[in-house]
Amino acid sequence: MKMSKRLDKIPPYLFVKIEEKKDELVKKGVDVIDFGIGDPDLPTPAHIVQKMRAVLDSKEAVNYPTSKGEFAFRKAVSKWYQKRFQVELNPRDEICCLIGSKEGLAHLPLAFIDPGDTALITDPSYPVYKICTTLAGGEPYLLPLTAENNYIPDLDKIPADVARKAKMLFINYPNNPTGAVAGKDFFEKAVNFAKKNDLLLVSDLAYSEMGYDGYRPSSVLEIPGAKEVTIEFHSLSKTYNMTGWRIGMAVGNKEAVQALATIKSNIDSGAFKAIQLAAIEALSGPQSCVDENRKVFEERRNVLIEGLNSLGWKLEKPKATFYMWIPVPKGETSATFTEKLLDKCGILVVPGNGYGSAGEGYVRMAITIPKERIAEAIKRMKEGGIKGQ
Ligand SMILES: Cc1ncc(COP(=O)(O)O)c(C=O)c1O
């Protein structure tokens with residue numbers, strides 16, 4: 001067999017290795033406290049599951065869906081965006097259904113990147129932007145996110161020739177893995193940068209509904225004129241605890257949405273119609289389930305951050321996402337601290353450098369486990385003599 005050279009360029013997906021390591025330990029009988037992948041442990045709200053059941057009992061959903069999604073789904077997305085962000089989207093051509101936002105983000109570079117083209121990608125970042133740019137033959141140009149720049153890229157530092165030839169800029173606020181948030185001032189800057197350099201601004205808004213202490217993240221599309229240059233991704237995965245259902249949406253610039261739909265129509269045949277119909281229920285039905293989620297994660301965040309601070313860290317509570325970006329103690333690296341937590345305390349975290357080299361010196365902890373388990377992790381760290389900073 002002769003594999004493609006393309007395959008040599010991509011590492012195994014970060015979580016594949018982490019899951020293997022966890023399985024190994026569990027087999028040895030270790031009670032692993034898992035702050036790893038970031039998959040909500042809370043159930044999908046009952047009214048969404050009920051809708052799915054009813055659709056399955058009818059014959060509505062047996063046929064091929066269209067790859068860009070049922071019109072009714074796109075209409076529900078349009079209404080949700082209107083209500084949540086006061087952004088108008090035409091369901092005909094400004095919205096495309098996705099089999100989870102990862103699918104759309106992964107396919108998008110195929111519509112914009114030719115071999116040798118540049119995409120501007122933050123470092124650290126959700127790995128899909130970089131890997132799928134590379135798979136399309138493109139070259140990622142990395143924009144470091146650091147504590148000093150509040151994990152927001154300094155667009156003024158991008159050399160003019162790089163900016164001019166770049167085809168895409170990926171941003172993701174609220175951010176995975178740093179938990180950082182960005183305000184409309186940065187979004188406006190990013191939109192202007194995209195216009196000036198004639199590139200596509202890709203806004204990954206997967207965590208817009210996970211803001212705490214009353215904070216409600218904005219959409220880039222709220223910036224006047226943003227639609228001229230922006231495609232935005234959202235997903236029902238985290239908002240409604242539906243990661244396994246695989247449903248999301250790309251919205252915004254008509255040409256970009258249609259280009260993605262063209263790629264998709266040649267690759268997949270869309271999300272299962274029953275899931276799209278259940279997703280309509282999620283987007284249009286009562287939103288109290290989202291508030292309840294926020295409350296649970298806010299409480300967990302408090303337990304973890306206050307617990308770590310009691311061990312010597314000096315962390316601020318992040319305003320959004322279920323990711324805590326934790327600097328490793330002095331003398332440790334991302335890898336050594338990850339290993340120490342696992343071997344000494346049975347605690348699984350993700351090394352920050354798995355998200356890019358600028359993530360070195362950090363680990364990411366996803367609070368997708370009950371608060372009692374988080375408290376237990378703090379207890380184990382204390383007993384194991386783990387001290388922050
Ligand atoms: C920043 C970000 N974008 C997109 C996704 C993909 O989510 P999904 O494919 O479930 O919609 C994730 C998943 O963890 C993520 O962290």
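The values are calculated or read from the model by the stated rules, or taken from the named source; none is laboratory data. Every value quoted in this text rests on a predicted model; they were computed, and no experiment measured them. Here the Cβ positions follow ideal geometry from the backbone for every residue, glycine too, while neighbour counts run over all protein chains shown.
Brief remarks on what is shown
- Check on Glu306, charged (D, E, K, R) and more than 20 Å from Asp41 (Cα to Cα): yes
- Failed condition for Val349, given (1) buried (at least 24 other Cβ atoms within 10 Å of the Cβ); (2) more than 15 Å from Leu25 (Cβ to Cβ): (2)
- Selection status of Leu110, aliphatic (A, V, I, L, M), more than 14 Å from the ligand (Cβ to nearest atom), more than 28 Å from Glu299 (Cα to Cα) and without any contact (Cβ under 8 Å) to a residue 24 or more places away in the chain: no
- Qualifying residue in region 77-84 (condition: crowded, with 16+ Cβ neighbours inside 10 Å, over 26 Å from Ala366 (Cβ atoms) and of a type in the set (S, T, N, Q)): yes
- Restricting region 194-208 to residues that are away from the ligand (no atom under 15 Å from the Cβ) and charged (D, E, K, R), the residue that is surrounded by the most Cβ atoms within 10 Å (Cβ to Cβ) is Lys195.
- Matching residues, region 344-370, being under 17 Å from the mean Cα position of the chain (by Cα) and among the polar types (S, T, N, Q): Asn353, Thr368
- Taken over region 316-351, the criterion of being under 20 Å from Pro144 (Cβ atoms) and at pLDDT below 95 is satisfied by Thr333, Ser334, Ala335, Val350, Pro351.
- You will find that of Leu98, Leu105, the residue that is on the phi < 0 side of the Ramachandran plot, buried (at least 20 other Cβ atoms within 10 Å of the Cβ) and touching an Asp or Glu at 6+ places or on another chain (Cβ under 7 Å) is Leu105 and no other.
Per-residue answers, yes or no, for (1) surrounded by 23 or more Cβ atoms within 10 Å (Cβ to Cβ); (2) among the hydroxyl-bearing types (Ser, Thr, Tyr); (3) assigned by TED's automatic domain parsing to the domain that holds Tyr81; (4) within 16 Å of the chain's Cα centre (by Cα):
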{"residue": "Asp185", "(1), (2), (3), (4)": "no, no, yes, no"}
{"residue": "Asn192", "(1), (2), (3), (4)": "no, no, yes, no"}
{"residue": "Gly211", "(1), (2), (3), (4)": "no, no, yes, yes"}
{"residue": "Pro217", "(1), (2), (3), (4)": "no, no, yes, yes"}
{"residue": "Asn241", "(1), (2), (3), (4)": "no, no, yes, yes"}
{"residue": "Ile247", "(1), (2), (3), (4)": "yes, no, yes, yes"}
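- Considering Glu70, Glu60, Glu103, Glu88, the condition of being more than 16 Å from the ligand (Cβ to nearest atom), among the acidic types (Asp, Glu) and within 13 Å of Ile247 (Cβ to Cβ) is satisfied by Glu70 alone.
- Region 124-144 residues that are assigned by TED's automatic domain parsing to the domain that holds Pro174 and within 15 Å of the ligand (Cβ to nearest atom), paired with ones that are of a type outside the set (A, V, I, L, M, F, W, C) and in a helix (DSSP H, G or I) (beta carbon under 7 Å, 6 or more apart): Pro124/Gly352; Pro124/Tyr355; Pro124/Gly359; Ser125/Tyr355; Pro127/Tyr355; Val128/Lys102; Cys132/Pro109; Thr133/Pro109
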